[in-house]
1. Starting from the amide H of GLU147, placed 1.01 Å from N in the peptide plane, find each other amide H under 5 Å away whose residue is 5 or more places distant or on another chain.
2. About the Cα centre, and with charges only on the beta carbon of Lys, Arg (+1) and Asp, Glu (-1), how big is the dipole of region 1-177? Nearest 20 debye, please.
3. Just the number, please: percent antiparallel of the DSSP beta bridges in region 1-177, rounded to the nearest 5.
4. Quick one: what are the phi-derived ³J(HN,Hα) couplings along region 255-266, Karplus 6.51/-1.76/1.60 with θ = phi - 60°, whole Hz, x for glycine and proline?
5. What is the distance, in nm, between label points placed 7 Å from the Cα along the Cα-to-Cβ direction at HIS594 and at ALA96?
6. Given a Förster distance of 45 Å, report the FRET efficiency between ASP443 and ASP190 from their Cβ-Cβ distance, rounded to the nearest 0.05.
7. Show me 195-205, 534-544 ranked by packing, highest mean number of other Cβ atoms within 10 Å first.
8. Which entries of LYS75/LYS155; LYS75/LYS247; LYS14/LYS78 have Cα-Cα distances beyond 27 Å here?
Amino acid sequence: MQYFITGGTGFIGKRLIARLLEREDSRIFLLVRSADPERLAALYELWGCDKTRVTPVVGDLTQELLGVSAADRRKLGKRTTHCFHLAAIYDLAADAESQIRVNVEGTRNAVRFAEAIGAKHFHHVSSIAAAGMFEGVFREDMFDEAEGLDHPYFKTKHDSEGIVRTECRIPFRIYRPGIVVGDSRTGEMDKIDGPYYFFKLLQKLRRLLPPWMPAIGLEGGRINLVPVDYVVAAIDHIAHRKGEDGKCFQLVDPSPRRVGDVLNIFARAGHAPQMSLRVNAALLGFIPVYLRKMVMGVAPMRRLRSAIMKDLGLPQDVLRFVNYPTRFDDRETRRALKGSSISVPKLEDYAWRLWDYWERHLDPDLFIDRSLRGQVEGKVVVVTGGSSGIGRAVALKLAEAGASVAVVARGREHLDETVRESEALGHPVHAYEADLSDMGQVDAVAQRILAELGPVSVLVNNAGRSIRRAIENSYERFHDYERTMQLNYFGAVRLSMCLLPAMSAQKQGHILNISSIGVLTNAPRFSAYVASKAALDAWARCAASEYADRGVLFTTINMPLVRTPMIAPTKLYEQVPTLSPEEAADMVCDAIVHKPVRVATRLGVFGEVVHALMPRVSQVIMNTSFRLFDDSSAAKGDGKDGSSKEQAAIQQWMRGIYF
């Protein structure tokens, strides 16, 4: 039996060909734009055959008679029994002109071609979109009743089906699949579409909340999902039955679920929180259409909506179809499939396979270069406080990743040590000596870096001064607050403002501020240090809002305790679990790659939440630690440091909290 197929390289088409090849006498001719052997090789491997059974025919769907040469049409002769037309644009976001050219005119060209080669049957794979936004149950014998066809995808699918019904002069059959998802047996899928749009949102929820945490979601209309293996099996079976010409078959789930139920099924499959409370999206229908259009027509509202949808990983039009109003009757399909053992499997039985395949093969994050080298290679990166501790470790990692690293610090001797260590590893860095608490030196070093290295892509504000001393021991030491603020806040802000104009001009830049977990937990004895870091955090939040449309990003890293020279005077910390500078550098580099707004430990976030919900309780907890841990010998000047059993226990329990 001879077949001619358009769209045979697509998601449904290549699986239909595999099914047809199971018939011993099958010979298939496949419309392709190019008979490139390399492109077809993977398909032949999938099908387990060569071009003697699946022969490529070069053509173009948008051309008259599909652009197939007269010689190739003669090769086909009058022996084609079945012509399957699957080629189309299946994309809600595609422009109207392209959809008309491919979906409508392409179908007309396919019909004329099938007639020209004398095909015995024409099989048109349409879509439930041909019903538009019909209110109620749409039967298989309905077509003209379609309504709500203002969207180009719905309109072109309806019009292309109309061409087959009114213009095709050979026996035809029409198939309307629901929203086609991956294979129910393997989960295999070719692209992100339909419910897959929400997988990234569910994944984000899983990372934020435990699976037992109830969440709030949407409730909408019924969404009709069918796995590709069911669609292919149904088309193959019905196409070869006698007496079915001129009929339409809706390949749908006879028991579709509402949007909220579908999302919860996939939430369970992905171990994400389920949406226990669901807001009915139909409530939006009470807002007059003219009012919605007027509000969304305002530029700031359009931009806000676009930003929200982008952050959620959803296409702009998807919410329009949440309240999908149409249900589909499939009695003709079930009649034709009776006795064949072909039926729609339950979504609960294979949803986990779809999720697993998506997360392993289709998750957009898999296709983003998440390597540090991919983010910084060939770019200028400035690291302050790069002569020791976190700064040196960060500089070494960035230089190894191919960045042009400028380390800034006030001590030439230690700066030279960083340079020598990096050069020994084969990765030179640029050293700039400057005291960042001196605003004149900040301006000068910024101008030197810009003049010698060019625009800065990444700035790591790491240089800082920490003072651990209770306020009651600081009454005569107000200069501690002044010098801490001068370096930690004014120095970092001044350097950022020197480099921001070039970042803004080139529409890309990233400023990372090394802050402290103490800002989240309100650590006692660190009022000078925490206040300076809190000020920098607040400045970064304001700056991020101002530069959101300039391509400049800001990240605050609320760093836990790190073993650096800064904490050496406090002998108490020798008993405290701390991060190594290399571990802290990994946090910074990970932030450079992923560019989050904030990086914080769970303990830090917990402390912030407790203070937000129960500030008095938070104060009592921190006051208890304050009274339990005394000032260091350096702060008291008495040379006595010690650690009781109670102190040691709390130190081990509250890793990285400053006392």
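1. Answer set, sorted by chain and number: MET133, PHE134.
2. The dipole of region 1-177 has a size of about 960 debye.
3. Bridges in region 1-177 that DSSP calls antiparallel: roughly 0 percent.
4. For region 255-266, the Karplus-derived couplings read 10, x, 10, 6, 3, x, 5, 4, 5, 5, 4, 6 Hz, x marking Gly and Pro.
5. Placing both labels 7 Å beyond Cα along the Cβ direction yields 4.3 nm.
6. 0.25
7. Highest mean packing first, the order is 195-205, 534-544.
8. With Cα atoms farther than 27 Å apart: LYS75/LYS155; LYS75/LYS247.
Any read-out appearing in this document is the output of simple, stated calculations on the displayed coordinates, not a laboratory observation. Source: prediction; values computed, not measured. Glycine also receives a Cβ, built like all others from the backbone with ideal geometry; neighbour counts cover every protein chain displayed.
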